[in-house]
């Protein structure tokens, strides 16, 4: 039994939800999102909440049950509040700046990195060492933040690189004489 899947997803105030067959659509103040629920799972809108249940007791249905409920919950949160990922840049001369639809990163390489900002995602740099990725689709926000972090991940000796805000970097001791 899925502990996540059992709970119905409440539709927040200011959000309109509709279920059309296997498609769940939600529209709110931030925008509109939809999710196509797998065939092994049934989805119903009742009493201001979206309920997700498996069609049978097969392993495939049970494995997609909790995932589908989590996706529907992310739709509700995304169109009402949105999602945000914060990145921190550590290192001498490491910095970021937004120029139009491009994020320019100086991360210690011989060249600057130009990251094309994907559609549906907004990137801001309040400080040269801080990058904020904001959007209504949790997957797109997380993917964009992960791609930026991959350009120069944090290293364990000095902690230089791009890391998530609040992320713990396991530090190693350097060489000894």
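The set of residues in segment 1-24 that are outside any helix (DSSP H, G or I) and exposed (fewer than 12 other Cβ atoms within 10 Å of the Cβ) comprises 1, 13, 14, 16, 20, 21.
Going by what's in this entry, would residue 67 be described as free of Cβ contacts under 8 Å to residues at least 40 places away in the same chain, under 30 Å from residue 165 (Cα atoms) and either out of contact with any helix residue (DSSP H, G or I) (no Cβ under 6 Å at 6 or more places or on another chain) or not assigned by TED's automatic domain parsing to the domain that holds residue 130 (or both)? Taking the combined requirement at face value, the residue satisfies it.
For segment 77-94, the criterion of being surrounded by 15 or more Cβ atoms within 10 Å (Cβ to Cβ), at negative phi, more than 18 Å from the chain's Cα centre (by Cα) and not in a loop (DSSP other than H, G, I, E, B) is satisfied by at least one residue. Within segment 124-152, the set of residues being over 12 Å from the mean Cα position of the chain (by Cα), surrounded by 12 or more Cβ atoms within 10 Å (Cβ to Cβ) and in a loop (DSSP other than H, G, I, E, B) comprises 125, 128, 129, 152.
Return yes when residue 97 is outside any strand (DSSP E or B) and within 24 Å of residue 121 (Cβ to Cβ) and no when it is not. No: the conditions fail for residue 97. Out of 145, 73, 99, one residue alone is within 30 Å of residue 8 (Cα to Cα) and either at pLDDT 95 or above or not assigned by TED's automatic domain parsing to the domain that holds residue 13 (or both). It is 145.
Residues that are within 30 Å of residue 20 (Cα to Cα) and assigned to a helix (DSSP H, G or I) occur in segment 46-59; there is at least one.
Among the residues of segment 106-123, the one identified as under 21 Å from the mean Cα position of the chain (by Cα), surrounded by 12 or more Cβ atoms within 10 Å (Cβ to Cβ) and either more than 30 Å from residue 68 (Cα to Cα) or free of Cβ contacts under 8 Å to residues at least 12 places away in the same chain (or both) is 115.
The values are calculated or read from the model by the stated rules, or taken from the named source; none is laboratory data. As the structure is a prediction and not an experimental result, all values here were calculated from the model. So basically every Cβ, Gly included, is an ideal-geometry build from the backbone, and we count neighbours across all protein chains shown.
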